[in-house]
Amino acid sequence: QVDANAGYTAAHLDLVASLDLESVQDRTITIDPHAVERIMMNLVENACKYAAPSDEENETDEPDTRVHLDVAVRDNTLEMLIADHGPGILPSEQARIFGEFQRGRRGLGNARSGLGLGLALSRGLAREMGGDLQLVSRRGHGAEFLLSIPLDQDQ
């Protein structure tokens, strides 16, 4: 259970992890663990802010409170996908979502949404490690962010 409680109401979302451990066996990666932690925490916090059911939503609807973490290796790259079941990101916002001081539509009138620096900083941290952070559509629901970091080359 992931509780988002950093000055706003707890979101009570369930983190569901899917790890392809065979694909990472005998592989190494050189990373800044604090940077990866910051990126992942930002993505989970965003899911808690934007995907959590709001008090205004119809209480008879059963919201999907899962946040997915899929970890696997593809093409010598470690991939970590964070996907929620929230409203997603409008196509009109997708081009600017990684810009500084950009906030999603659900956060515009919401004091708890921060400054809009998280995704820009997270992408910068990913790129400093030789990787990237992208908005993708693999699962086909909510917001989906893919953190990719190159594995060390085999010796």
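The values are calculated or read from the model by the stated rules, or taken from the named source; none is laboratory data. Every value quoted in this text rests on a predicted model; they were computed, and no experiment measured them. Note that we place each Cβ from the backbone using ideal geometry, even for glycine, and neighbour counts take in every protein chain shown. Accessible surface is based on the protein model in full, side chains and every heavy atom, while ligands, DNA and RNA are left aside. Shrake-Rupley method; radii C 1.70, N 1.55, O 1.52, S 1.80 Å.
With the requirement that a residue be among the aliphatic types (A, V, I, L, M) and either assigned to a loop (DSSP other than H, G, I, E, B) or touching a Lys or Arg at 6+ places or on another chain (Cβ under 8 Å) (or both), what does segment 121-145 give you? Show your work before the answer.
Residues of segment 121-145 that are among the aliphatic types (A, V, I, L, M), as a first pass: 121, 125-126, 129, 133, 135-136, 143.
Within segment 121-145, 121, 125, 129, 133, 136, 143 qualify.
Looking at segment 63-76, which of its residues are within 21 Å of residue 45 (Cβ to Cβ) and surrounded by fewer than 16 Cβ atoms within 10 Å (Cβ to Cβ)? Result: 63, 64.
Filter segment 1-30 down to the residues that are acidic (Asp, Glu) and modelled with pLDDT of 80 or more, then identify the one that is farthest from residue 67 (Cα to Cα). Outline the logic, then answer.
Our first condition is that a residue be acidic (Asp, Glu); within segment 1-30, this holds for 3, 14, 20, 22, 26.
So of that shortlist, the ones also modelled with pLDDT of 80 or more come out as 14, 20, 22, 26.
On the way: 14: 6, 20: 17, 22: 23, 26: 28 Å.
The qualifying residue farthest from residue 67 (Cα to Cα) is 26.
Taking residues in segment 12-37 that are at negative phi, and partners anywhere that are open to solvent by 80 Å² or more (accessible area, probe 1.4 Å) and of a type in the set (D, E, K, R), the pairs with Cβ atoms closer than 6 Å and at least 6 places apart or on different chains are 14/66; 16/66.
A quick yes/no check of all residues on (1) open to solvent by 30 Å² or more (accessible area, probe 1.4 Å); (2) among the small types (Gly, Ala, Ser); (3) at pLDDT 90 or above:
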position: 78; (1), (2), (3): no, no, yes
position: 82; (1), (2), (3): no, no, yes
position: 86; (1), (2), (3): no, yes, no
position: 89; (1), (2), (3): yes, no, no
position: 109; (1), (2), (3): yes, yes, no
position: 125; (1), (2), (3): yes, no, yes
position: 141; (1), (2), (3): yes, no, no
position: 145; (1), (2), (3): no, no, yes
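For segment 31-52, the set of residues classified as of a type in the set (Asp, Glu) and either modelled with pLDDT under 90 or not in a helix (DSSP H, G or I) (or both) consists of 32, 45, listed by residue number.
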